[in-house]
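Here is the structure we will look at, set down as structure tokens.
The values are calculated or read from the model by the stated rules, or taken from the named source; none is laboratory data. Small disclaimer: the values here were computed from a predicted structure and weren't measured. For neighbour counting, all protein chains shown are included, and Cβ atoms are generated from backbone atoms with ideal geometry for every residue, glycine included. Surface areas here come from the heavy atoms of the whole protein model, side chains and all, with no ligands, DNA or RNA. Shrake-Rupley method; radii C 1.70, N 1.55, O 1.52, S 1.80 Å.
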Amino acid sequence: MTDTTAPLTEALRPVAKADRHLSLDVLRGLGVMGILAVNAVAFGLPMPVYMSPELSPFGMAGAEASAWWVVQTFFHYKFITLFSILFGVSILLVGGERSDKARGALLRRRLGWLLVIGLLHGLLIWFGDILLLYACTGFVALLARSWTPRRLFTVSLTILLLGSALAIAPLFLLESAPAELQQKIIAEMNQPGSGVDVAAATAAMRGGLVAALGENFKSWMILQPMSVIVFIWRTGALMLLGMALFKTGFLTGKAKTWVYLLLIALGGAGLAWTGWESSMKLATDFAKPQALGRFNMAYEFASLPITLGYASLAILLIRSRAIAGLLNPVARLGQMAFTNYLTQSLIMTTIFWSGRGLGLFGEFNRVELWGCVVAIWALQLIWSPLWLSRFSMGPMEWIWRRLAYGKGLARGA
């Protein structure tokens, strides 16, 4: 594979159109689209339902179960993994080598403003914000941007393997615990912030803007500290992996074809494993330790191969001239990933919150939520190319970059 770090420019300016990598934009677009498919339940239903599907007021049978299965098998963990990998690439592209003090300062300013935007997004728009986690993790990951690909691969994969093993080990130990202790522990696991009541949370989200903001704040206080503390190791490792994959040319289509084909095959095997375990969880009691251990093991160990398989398939399609053009709308969506991510939150909360929207919280089941997802995908695939036909970047990208550069930056620049 080819080392692609050399073209990193010294000029402190946004990436020029000629310097963009189509593959990175396409993968960002797929990442943003996939994240919405996973987050939709947490937009339209209380957080405990997202964590514990058996708490859904719509039950878990028929089409409802199938909709859950599709998300868990094909989307859950996979696209947040992809997005984390790509964020690592952006750290490298913006920050350059650690010896470049000017670009390092620019990177830290960008992360600082991302932290502020993430806080505002999480507190005022939607509790499930990922930007705060990315900003906090980015301040650590930036220290590794001058590492060699081999060191990046070694450290990132070691952290991922050890972290996943430690994450699932307690679930398998739980199988041998007394039944009474099992029930107590599982109840705490399935009810984040014990005492959260699905009906009460639904009523609050329908009770006007103040009540909805209060419920959102409660969910944010449960999720975000846990997210920063529990998931920072995995997110950081994936960012390092993204740097390694970019430096070796994998993410820009410079790897050997057999590498992509091998990863597609491994990803297919991972999908088969995850799909099987998802089916088994549907067929048994969701709360049984056996289901929890095996199910989470599939997520922890199969998600990365599946993600790399998705990326490999997209890259091979991009390398095929006959098909590459069909991915241009996805690339444009990815070029505006920041704007589109925040827009998804605004649209979904407008649909479901009371006080600033239609107040339909708790009314849509998983199948109906899929309708919202597909509609937003279509909207963003249309509006992103239209916007970029007039401007070189999305509105939030422009605001973020202007804040980071600290000087005038023309909208069309």
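Details
- Of all accessible heavy-atom area on the stretch 20-75, the percent that carbon and sulfur account for (1.4 Å): 67
- Prolate/oblate/rounded call for the stretch 300-366, Cα gyration tensor, a/c under 1.5 rounded: prolate
- Span from the the stretch 241-263 Cα centroid across to the the stretch 302-349 one, whole angstrom: 16
- Restricting the calculation to alpha carbons of the stretch 33-81 gives Rg and Dmax of 10.5, 29 angstrom.
- Using R0 = 41 Å, the C-beta based FRET efficiency linking residue 70 and residue 150 works out to 0.65.
- Packing-based ranking of 74-81, 207-214, 331-338 yields 331-338, 74-81, 207-214, ordered from highest to lowest mean Cβ neighbour count within 10 Å.
- Alpha-carbon centroid distance for the pair the stretch 30-96 / the stretch 104-162, whole angstrom: 19
- Each Cα pair under 8 Å and six or more residues apart adds its separation to the average, and for the stretch 70-134 the resulting relative contact order is 21 percent.
- Segment residue 217-residue 256, extension gain: residue separation times 0.36 nm, minus the distance between their alpha carbons: 9.2 nm
- Per-residue HN-Hα couplings for the stretch 142-159 [Karplus 6.51, -1.76, 1.60; θ = phi - 60°; Hz; x = Gly/Pro]: 4, 5, 9, 6, 9, 5, 6, x, 4, 5, 4, 4, 4, 5, 5, 5, 5, 4
- Think of a 1.4 Å ball rolled over the protein heavy atoms: the stretch 65-173 then has 40 Å² of accessible area per residue.
- Rounded if a/c under 1.5, otherwise prolate or oblate - the stretch 296-413, Cα gyration tensor axes: oblate
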